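Accompanying notes for the structure given below.
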Amino acid sequence: MDGAPGAPLPREFLDFLGENGLDPSIYAAGDCVPRYVRVKPGGESCLRELEGELACEPETVDWLPGFYSLPPRVQIAGTRAYREGKLYGIDAASGAAVSALSVSEGDHVLDLCAAPGAKLCMMLDALGDLGSVTGVDVSEHRLAACRTMLQKYAIGDRCRLFVADGTMFSVIPARVHSYKSCESMTNEEVQTFQEWTSRRPWKERKRAARARQSATSKPRLGFENPEIIFYGKHSGVIGLTKDDLYRTVSDNELLNCGYDKVLVDAECTHDGSIRHIQKFEQWGWETLQQRVLNAERTDNLTLLQLKLLINGFRLLKVGGTLVYSTCSLTVAQNEDVVERFIKENATAAVQLFFHWQCCRRLMLQQVGPARAGEYPRLCALILQLLKLVDYLWRSLQKLACD
């Protein structure tokens, strides 16, 4: 960490690491962790100019196409490539989660914890000219940052953004909406979504302001109707009524009309992000106590993670793939959550995605009721194997540090 000898980790955090079998020495490597960037497809020509501006050569990340590593202290915000929307700042572990999804042209993808948007942009770049990406986040101001990114990089044509509780979100992919002819209806009878614009009419702004004001006294989590804050020209929203967009379907229908790919990059304690832990030196270690070490919050987090996983899987079609990931190194927030989930979901088949250079990722496939019961024992074995691999990996890390 920056100035680690003068700013040792607090005792409470060391206790947290010990309880979860984590080696504190990994946080001493902060100055060695590279800065990662992703080049927008087709924008590779910016690399030479970037090298000149930063006075260092971007190094290819062999295991993650389109990614490059830079020295830890490098700042990219002032570079021409970043200003012109040819370069993304994104951590390699986040890129690995999206890579594990294997997004392909025509997929309908759901990012259930989308903010602040770097993963969302990577999905859209992989999507091509067919399909859609739906981004969901419970935080309105953080999701607004996603919208800003979509506009900056001009990749929002096939994207929808919803402020919503990810544990309850149920809006289906755009492909299954049927457009209704409104030629015989007056504006008083029905209102349809028109092309999205950041400059909304005065009446619409006033109506939205009243809606926000009436919602201030209500808790944000658990609200029933999501709020759509952005939709692209080809996202399947234009021409729909609100009833069309928010219509509900049964769980059985979702097996056929759900999402092809779902990412649940769940809220967590962030103890696996060395840079995140470093920030507490500026924020104050008491903030770490509130955000990471509070026992009640940690218990609530694992329950939230499980609920997000359950709902994400519910929205997955048969044959679809879900990736569950966190920025935590604790087994409690990763393998244990998935283990609890698969015990109650016989249609889930676990696939392991592991790379020694990035955080662990768990993939779940929806196999459908017809094949339910085939996988529980295999899933349990895979999780046990993951725990063994994780133990060996940490042991090797410790030997390397010694």
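Does residue 267 meet the test of being part of a loop (DSSP other than H, G, I, E, B), open to solvent by 50 Å² or more (accessible area, probe 1.4 Å), in contact with a Lys or Arg (Cβ under 8 Å, 6 or more places away or on another chain) and at pLDDT 80 or above?
no
Could you please let me know if residue 89 is closer than 30 Å to residue 315 by Cβ and modelled with pLDDT of 90 or more?
yes
Consider only pairs whose beta carbons are under 6 Å apart and that are at least six residues apart or on different chains; among these, list those whose first residue lies in the stretch 101-127 and is touching a residue at least 24 places away in the same chain (Cβ under 8 Å) and whose second residue is aromatic (Phe, Trp, Tyr).
108/259; 110/259; 118/88; 121/153
Need the failing condition index for residue 278 against (1) touching a helix residue (DSSP H, G or I) at 6+ places or on another chain (Cβ under 8 Å); (2) without any contact (Cβ under 8 Å) to a residue 12 or more places away in the chain; (3) open to solvent by less than 40 Å² (accessible area, probe 1.4 Å), just the number.
Unmet condition: (2).
Listed here are the residues, each with its yes/no results for (1) more than 24 Å from residue 314 (Cβ to Cβ); (2) over 28 Å from the mean Cα position of the chain (by Cα); (3) at pLDDT below 55.
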| position | (1), (2), (3) |
| --- | --- |
| 160 | no, no, no |
| 166 | no, no, no |
| 173 | no, no, no |
| 180 | yes, yes, yes |
| 189 | yes, yes, no |
| 207 | yes, yes, no |
| 215 | yes, no, yes |
| 224 | no, no, no |
| 245 | no, no, no |
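Per-residue answers, yes or no, for (1) on the phi > 0 side of the Ramachandran plot; (2) free of Cβ contacts under 8 Å to residues at least 60 places away in the same chain; (3) under 27 Å from the mean Cα position of the chain (by Cα):
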{"position": "17", "(1), (2), (3)": "no, no, yes"}
{"position": "25", "(1), (2), (3)": "no, no, no"}
{"position": "35", "(1), (2), (3)": "no, yes, yes"}
{"position": "45", "(1), (2), (3)": "no, yes, no"}
{"position": "52", "(1), (2), (3)": "no, yes, no"}
{"position": "56", "(1), (2), (3)": "no, yes, no"}
{"position": "62", "(1), (2), (3)": "no, yes, yes"}
{"position": "66", "(1), (2), (3)": "yes, yes, yes"}
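The values are calculated or read from the model by the stated rules, or taken from the named source; none is laboratory data. The model shown is predicted, which means the values in this text are computed figures rather than measured ones. With ideal geometry, Cβ positions are generated from the backbone for all residues, glycine too; neighbour counts draw on all protein chains shown. Ligands, DNA and RNA are excluded from the accessible area calculation, which covers all protein heavy atoms including side chains. Shrake-Rupley method; radii C 1.70, N 1.55, O 1.52, S 1.80 Å.
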